[in-house]
C-alpha cells in the first residue's frame with residue numbers, strides 16, 4: 001500500500017507566482033515572435049531557482065536554450081527586478097532558439113566559437129531592443145577598453161575553436177576562477193560587437209554573418225581599424 005506524507009513547508013513557486021511569471025513571459029514572447037518569427041513550434045519551461053548568485057547578481061532570473069525548439073527560464077521573486085528580468089531572459093533565450101533554427105548542427109548547437117559570439121551578439125541586442133528598461137549586469141560589465149585588452153587573443157586563439165574542444169559555458173563568458181578572461185567578458189564583448197554589426201545588418205541577417213565580418217567589426221571597434 002502506498003503511503004502519502006504531508007509536505008511541511010512551502011512549495012515554490014506559488015501558484016500565483018507561477019501564473020504571474022507565465023503571463024509576463026507570454027506577453028514578451030508575442031513581441032519577440034513578431035520581430036523574429038520562428039518556422040517551427042517551440043516549448044518553454046518555467047521553473048524556480050534558489051541560487052544566491054542568480055538572485056544577487058542576475059535579478060533573480062536565468063535561462064538556457066537547449067536547442068531550436070526548447071528553452072527554460074528560472075526565476076525567484078525575492079529579487080526586486082525579477083519581473084523585468086524575466087522578460088529580458090525570455091526573449092534572450094527565444095532569440096537563441098531562433099538562431100539555432102537558422103544555423104545549427106545536428107544537435108542544435110553552434111559548431112564554432114565565432115558562431116557562438118554572433119549568437120550572443122544577437123540575443124543581447126535583441127533583448128535590449130524589445131526591453132531597453134532592463135539592463136543585465138553581464139551585458140555592460142566590461143567596457144570597450146577592457147575588452148580591447150583581450151581582443152587580439154580572442155580573435156587569434158578562440159574564435160576558430162570548435163565548441164566540442166572546450167567546456168561550455170566557455171570561460172570567455174562564464175569564468176569563476178581568478179585566471180584567464182574576466183567573468184562575463186564575452187557577454188559584454190558580444191553586446192558591443194552586435195551593436196557594431198547592426199550598423200550594417202539587421203537582426204534577421206545574423207545567421208548569415210561570417211567570421212570575417214565579425215573580425216572586421218571587432219578590429220574596428222577594439223583596435224580602431
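Any read-out appearing in this document is the output of simple, stated calculations on the displayed coordinates, not a laboratory observation. All values reported here derive from a predicted model rather than from experimental measurement. Neighbour counts run over all protein chains shown; Cβ positions are idealised from the backbone, glycine included.
Computed quantities for the displayed model
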quantity: DSSP bridge pairs, region 12-107: antiparallel proportion in percent, nearest 5; calculated: 50
quantity: Between helix 144-153 and the chain: long-axis angle, C-alpha atoms, 0 to 90°, nearest 10; calculated: 70
quantity: Tilt relative to the chain, helix 211-223 - C-alpha long axis, 0 to 90 degrees, to 10; calculated: 80
quantity: DSSP-defined beta bridges in the chain - what % are antiparallel, rounded to 5; calculated: 55
quantity: Whole-number percent relative contact order across region 146-223, with pairs defined as alpha carbons under 8 Å at least 6 apart; calculated: 31
quantity: Linear extension gain, residue 205 paired with residue 163, 0.36 nm per residue minus alpha-carbon span; calculated: 12.9 nm
quantity: Cα long-axis angle, helix 82-102 against the chain (0 to 90 degrees, to the nearest 10); calculated: 60
quantity: Least to most buried among 53, 203 (fewest other Cβ within 10 Å first); calculated: 53, 203
quantity: Helix-only [θ]222 nm of the chain, DSSP H runs n ≥ 4, -39500 (n - 2.57) each, per residue, nearest 500; calculated: -15000 deg cm²/dmol
quantity: Order of 189, 35, 58 - criterion: other Cβ atoms within 10 Å of each residue's Cβ, fewest first; calculated: 35, 58, 189
quantity: Ranked list, fewest to most other Cβ atoms within 10 Å of each Cβ, for 25, 135; calculated: 135, 25
